[in-house]
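This report concerns only the one structure given below.
The values are calculated or read from the model by the stated rules, or taken from the named source; none is laboratory data. These figures come from a predicted structure and were not determined experimentally. Glycine gets a Cβ as well: all are built from the backbone with ideal geometry, and neighbour counts include every protein chain shown. Side chains included, ligands, DNA and RNA excluded: accessible areas come from the protein's heavy atoms. Shrake-Rupley method; radii C 1.70, N 1.55, O 1.52, S 1.80 Å.
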Amino acid sequence: MTWHDGLNVEEKIRINQVLQSVKDPEIDSISILELGMVERAELQDGTLTLFLLPTFMGCPALDIIKTSILKAFTKVKEVKQMDVHFIYHPPWTSDRISEEGKLRLKEFGIAPPMKEAGTTGEWQAACPYCDSLYTTLDNLFGPTACRSILYCKSCKNPFEAMKPVSNWM
Amino acid sequence: MTELGTPSFKKTVVELLYQLADDDFILACRGSEWLGLAPHIEEDVAFSSISQDTMGHAAMFYGLLEQLGEGNMDELSHAREGSQRKNAVLCEIPNGTGHYLKEPRYDWAFTVVRQFYYSIAKKIKLESLKQSAYEPLAHAAVKINMELHYHILHWTVWFKQLILSGGEAKQRMLEAIIRVEQEFGDVCSLGPLSAEMANLKLIDKEDVLLERFHNSVKPVFHTLSIPYKGSFGYRSGRGRFGEHTQELQHALTTLTEVYRTDPAAAW
Ligand SMILES: [Zn+2]
């Protein structure tokens, strides 16, 4: 199932384009689509209803994202009215980030979440600058809820990584 | 979805949601009072992030109450009096003596033990709630559990390190454990409707949850070579039954000052 199942081809292309322009306010290289936050879009009689999955529930960026979306769609003539809902079922998991999204994160200096994390909670992240796996976790909690702070022992740079979030937790 | 039509089902769900929401709300407030006062800058970042998550969880539970017609979620979180709250008393106890604006003498050992015990108890409840007969609550539990995972990792590290460092740190931790356990019966309590909660399959029975708690914590104590007593009391009251300390009302008054100036403001 993909977010645009309820749309026809033209609607999908148009809405995709707009959603692609809405970036994460805290990581402005990645769009909410690439982050996998868009769960469903419904368009009926000019009313577009979007269902989004928050990455973390207490994330203060959610309101900003909502405002950016509403603003971005004012330019779309097919959309006369709009509703944005944050839902948590299904839960957002880090494997929803697209391959493109992972590259965008890396460009921003943020290591994408690793696929595998042991049940002990230890996880490895490759340095976004030199790709070395010789890294250590400095602080599980970074500047935003979804990021941790790590240190690369190869190139001696501190960097951030997206926390893995998955169903086994 | 299970028939919400029966008034007793709804009443029981509401009771459980208030406990979950009020626990997270007041503990997140206590946590955020540490901002700028935590042992080091990294901890400031981590603890405020944890408190922000926890406030997010409270908002989810208040949101579920709003859907059940209990009222607006901002009002539910900010405008209810202390006597109406269902949180465990342990969550409302101040971080220490003094005030966070003037001469805070906060107790880090107490905070670490409270957070560690609370996070484990919350995890045990969430695992049970994932199978709750009230589906919206089951869905919320799945989401919250993913975030809680990191809180547990964090507090486990602190808990172990302070005890392993020996000396005064260990001594203060052992005292804090006694203090937290004296209140912890309240955290493990599901209040006056606990039997109904289990009968309606909203959550497992209290004694089942308690057993799981012991099984999670005992091995940690074992690796630290300290004795685990695991006998919990209600020293300062039974919050699930509406008994609270003066401190709760003080905290709420401060917290809601801003809210009351403009109840219509967006948060
Ligand atoms: Zn590197």
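Of A:66, A:80, A:163, which residue is of a type outside the set (S, T, N, Q), surrounded by fewer than 13 Cβ atoms within 10 Å (Cβ to Cβ) and away from the ligand (no atom under 14 Å from the Cβ)? Exactly one of A:66, A:80, A:163 is of a type outside the set (S, T, N, Q), surrounded by fewer than 13 Cβ atoms within 10 Å (Cβ to Cβ) and away from the ligand (no atom under 14 Å from the Cβ), namely A:80. Consider segment A:107-125 and keep the residues that are within 12 Å of the ligand (Cβ to nearest atom) and modelled with pLDDT of 90 or more. The one that is nearest to residue A:164 (Cα to Cα) is A:111. Within segment A:43-53, the residues that satisfy the criterion of being farther than 18 Å from residue A:28 by Cβ and either in a strand (DSSP E or B) or not small (Gly, Ala, Ser) (or both) are A:43, A:44, A:45, A:47, A:48, A:49, A:50, A:51, A:53. Regarding residue B:252, is this residue open to solvent by less than 40 Å² (accessible area, probe 1.4 Å) and not in a loop (DSSP other than H, G, I, E, B)? When the stated conditions are applied, residue B:252 passes them. Among residues that are within 13 Å of chain B (Cβ to nearest Cβ), open to solvent by less than 20 Å² (accessible area, probe 1.4 Å), hydrophobic (A, V, I, L, M, F, W, C) and touching a residue at least 12 places away in the same chain (Cβ under 8 Å), residue A:53 is included. With respect to residue A:42, determine if the residue is in contact with a strand residue (DSSP E or B) (Cβ under 7 Å, 6 or more places away or on another chain) and open to solvent by 40 Å² or more (accessible area, probe 1.4 Å). Spelling it out, residue A:42 is indeed in contact with a strand residue (DSSP E or B) (Cβ under 7 Å, 6 or more places away or on another chain) and open to solvent by 40 Å² or more (accessible area, probe 1.4 Å). Within segment A:65-79, the residues that satisfy the criterion of being outside any helix (DSSP H, G or I) and either at pLDDT 95 or above or among the β-branched types (Val, Ile, Thr) (or both) are A:74, A:76, A:79. Here the helices (runs of 4 or more DSSP H) wholly within segment B:1-102 that include at least 3 residues being within 14 Å of chain A (Cβ to nearest Cβ) and open to solvent by less than 10 Å² (accessible area, probe 1.4 Å) are B:7-32, B:41-67.
Applying a threshold of 8 Å to beta carbon distances and a minimum spacing of six or more residues, or different chains, the list of pairs starting in segment B:59-74 at a residue that is touching a residue at least 12 places away in the same chain (Cβ under 8 Å) and ending at one that is crowded, with 16+ Cβ neighbours inside 10 Å and not in a helix (DSSP H, G or I) reads B:59/A:57; B:59/A:58; B:60/A:57; B:60/A:88.
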